[in-house]
Structure formats: C-alpha cells, structure tokens
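Here the structure is laid out as structure tokens; the discussion comes afterwards.
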Amino acid sequence: MTGRGQRRQGRKGRAGYLLLAGLALMLVAAERPPGLGDVRDVRTWSYPDYTRVVVELSRPIELESDPTVRLPANARAERPERLYLDLPGIWVGRRYNEGLSVGDGLLQGVRLGQNTRTTSRLVVDLERYEHHRMFTLRSPDRVVIDVYGEPRPIHSTAEARREDPGKGSNSRLSMEIRRLHTVVIDPGHGGKDPGAIGIRGVHEKDINLKLARKLAQRLRARSFKVVLTRDDDRFLNLEERTAIAESSGGDIFVSIHVNASENRDLRGIEVYYLDEEHERHNLEVAARENGVEPGEVDALQETLARLRVSEASRYSESLARYVHRDLTRGLAQTYGGVSDLGVKKGPFYVLFMSSMPAILVETGFLTNPKDAQLLSSDNYLEVVAAQIAAGLGHYRNGNRQQAKSGAVPGMENDS
C-alpha cells in the first residue's frame, strides 16, 4: 500500500473509532432500560508478575466459559494490546468514562463503558502479558480477571541458579519438574471477622494466627520460604488473601481454620482440597468459610464444573493426604488418640482462587468442650504445627522422588 493509501486507511480507522465513541455517548445519554444491574466498584491488586482486577456488581451475570477476547495492539489508533469482556444486563453509564489508571508494568489501565443499552464492556489495557484467567464469584457478585505477565529476564548466573525451575504461571502446574520452596500460610478470618466463636467466647481468628506463626517457624526450620497472608489481627477479604499468595510465587497454599458445629459432640481433624464433588457436611463448612449461605455455594460449583478444576487440584489431593496422615499420626502419638474426620473435597473460594496446590486444614471444633480445651493449649498447637510441617516436608520429598517418572506425587515411596 502506498503512503497516501496508508494515510487514507488511517483516516478511515480514526473516523470509525470516532463514530463508535459517538454511538457510545448516545447510548449513555439514552434513558436507562429497567431491570439492569450496576457496577458497584472496581479494584486492582498489583505485583511484579501478576495483577488481579475485580469488578463488583449489584447482581449476578451469566457468562459461559471464558468469553474474554484478546486483541492485538493497534498502533494507528494508539491502542495497546488489550482484553475485553462484555457484561450482559449491567449499566455503567458515565461513571468510569475516564477509566482507572494502573501502570504497574502489566496493565496500563482498566476501562468500563456502555457497549449497548443492556451490556457494559470491561477493557483491560495491557503492557506485559503471558496469560489470564477469568471467573465469577457470589456474595458479593463480582467478575475477577487475573493477568499474569511473562517473568522478567534474569540478569546474572547467580540469579539463574536461585530461580526455581518451572517459575512462571504456565509452568506453575508442572509440579513434576519444580522445586517446592515457598509455602503460603493463610490464617483464616481476622479483624472484624472473628470466624467461629466457641466455648468461653474464644475467637477462631486468634487460634488461626497463633497456629500459623508456629507453623511458619517449623517450616523455616525445614528450609522452606514462608509467606503469611496476615501476621496480625486484621481483616483481609478472600481476593486479597489469594492475591498475596499468587504474587508471592508460592508453591503451596495452606489455609488454617478451626471448625464449629451446632452439634457440640462433633469433634476432630479435617483436611480439605478443592474438588467439584462434595457432601452435605462439606458444603456447610465451605459456606461458613466462604462467608455465604449454603445455597450460594452452588454458583461456585457451576464455575468449578465449567473450568474443570485446574491441574493443581490433583496435586492438592496428594498434599492433603500427606498432611492428614502426619497430623493424625502425630496427635495420636502425643495425645493417645485423635478424632479423625478424614480428607475431604469442598468448594472453598480461598482454594479455588489459588492456582497452586492448596489445602484447608480444620484443626478441631471450638464448639466441642474437649477440642476447645486442646485448641487453647500452646502445647497442642505446637504439635499440630510440627505435624503439618512434617506433612509438607514429606510431600516435598515425595514430589522429588516422583519427578523422574512424571507421576503425581504419591505416598507409596515415603517413609
């Protein structure tokens, strides 16, 4: 194409863009159709190789699979590479006309506009991109887009030796060839959220944090790097907890909780991993930890079925079995027995939003007199911490042994 033709084509492109912009303004100026939901808030969390975008809505929306579209950069129109997603049944109007600047090295910014009278469009302008994932959550209703950037280049041989094989989001799930080094410990609840309240008014959040600190010490003694999502009594929502985990380059995610039940006789240890299937009791536990009503967990079940659960879930099951075995054995040796409720599957938000192998450990029932007494004992928490750390260490060893064969880490070669 000649230079004159290129200029003509460029003028056509700009004219088309101005026409679309004019149409968008006409849509905003038009009367709002009845029955639409609103955009309540837009939030982002930025880290070197990972950014999370959350759009909170006033109502749920139905999205099949991942309808996010990736568009290449358009230099003539001065448009960067971008992702866009249409939000049916949502009215945004003029509220986000200026967009939200991010500028974190991965995203330039986030824009929201009225695409049609009944559909809003979310646009994520990219700077550095490797892949993304999108999902929806309930209570509150929100759309989440996680954007992963290509890892920055390593500039020295020493850094290359320190870098874990398999680092980078696409290879994160290739556990067979990856050295397990960083454990993210998530003490459940905190701040304004006390979690379960047990006998004599004991708050779950306090026990979770105390145990998490003890576990961190034990893991560091085993040469693990440890990241705590919180190290004090503060509130973090589930988006923040998992954003911290993702940004830290964690290899394993362990969420620490204490159980509760209307049945005061119920007691014991449970270890959960993420799965599409569940039983009634598991659903009730997940609803409590997710902070939603039991019926609302069904929406997460649908999302899990749609995404088929990531490959990390099968490693999570192995991780759960290692930790469960060492935890129940160690407690039995020290306390002469333990009520063992087993390894279970459950639809937990905090596990679903983590792309690494992840488990949730319920260390007892605050509503049971015997468990409540044990959970208030530093000695008991020390044993629990030591045995969870042992399970993670055995999982790491089993992973190394199985790496050569390419099999999922099992327990048959572990002592």
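Confirm whether S255 is in contact (Cβ under 8 Å) with a residue 24 or more places away in the chain, out of contact with any Gly (no Cβ under 9 Å at 6 or more places or on another chain), surrounded by 15 or more Cβ atoms within 10 Å (Cβ to Cβ) and not basic (K, R).
no
Each row is one residue, and each column tells you yes or no for (1) aromatic (F, W, Y); (2) under 20 Å from L331 (Cα atoms); (3) not in a strand (DSSP E or B).
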site: L215; (1), (2), (3): no, yes, yes
site: D233; (1), (2), (3): no, no, yes
site: G249; (1), (2), (3): no, no, yes
site: V258; (1), (2), (3): no, yes, no
site: D265; (1), (2), (3): no, yes, yes
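When residues of the range 357-381 are filtered for being surrounded by fewer than 19 Cβ atoms within 10 Å (Cβ to Cβ) and assigned to a helix (DSSP H, G or I), how many remain?
5
Report the residue count in the range 196-215 for those that are more than 14 Å from Q373 (Cα to Cα) and either among the polar types (S, T, N, Q) or modelled with pLDDT of 95 or more (or both).
10
Looking at the structure I just gave you, is T328 within 23 Å of D186 (Cβ to Cβ), part of a helix (DSSP H, G or I) and free of Cβ contacts under 8 Å to residues at least 60 places away in the same chain?
Here the answer is yes, as T328 does meet what is asked.
Got a sec? Which of S316, S310 is of a type outside the set (V, I, T), closer than 28 Å to R133 by Cβ and at pLDDT 85 or above?
S316
Which ranges mark the strands (runs of 3 or more DSSP E) fully within the range 8-122 that have 2 or more residues being modelled with pLDDT of 80 or more and surrounded by 14 or more Cβ atoms within 10 Å (Cβ to Cβ)?
In the range 8-122, the matching strands (runs of 3 or more DSSP E) lie at 37-47, 50-57, 82-88, 107-116.
Among the listed residues G195, G201, identify the single one that is without any contact (Cβ under 8 Å) to a residue 24 or more places away in the chain and farther than 19 Å from I244 by Cα.
When all the criteria are applied, what remains is G201.
Out of everything in the range 378-415 that is modelled with pLDDT of 95 or more and polar (S, T, N, Q), what residue ends up being farthest from the chain's Cα centre (by Cα)?
That would be N379.
If S354 meets every condition in (1) crowded, with 24+ Cβ neighbours inside 10 Å; (2) part of a strand (DSSP E or B) apart from one, which number is that one?
Only one criterion in (1) crowded, with 24+ Cβ neighbours inside 10 Å; (2) part of a strand (DSSP E or B) is unmet by S354, namely (2).
Could you tell me which residue of the range 217-231 is farthest from D193 (Cα to Cα), considering only residues that are in a loop (DSSP other than H, G, I, E, B) and in contact (Cβ under 8 Å) with a residue 24 or more places away in the chain?
R222
The values are calculated or read from the model by the stated rules, or taken from the named source; none is laboratory data. All figures in this text were calculated on a predicted structure; none of them were measured in a lab. FYI the Cβ positions are ideal-geometry reconstructions off the backbone, even for glycines, and counts take in every protein chain you see.
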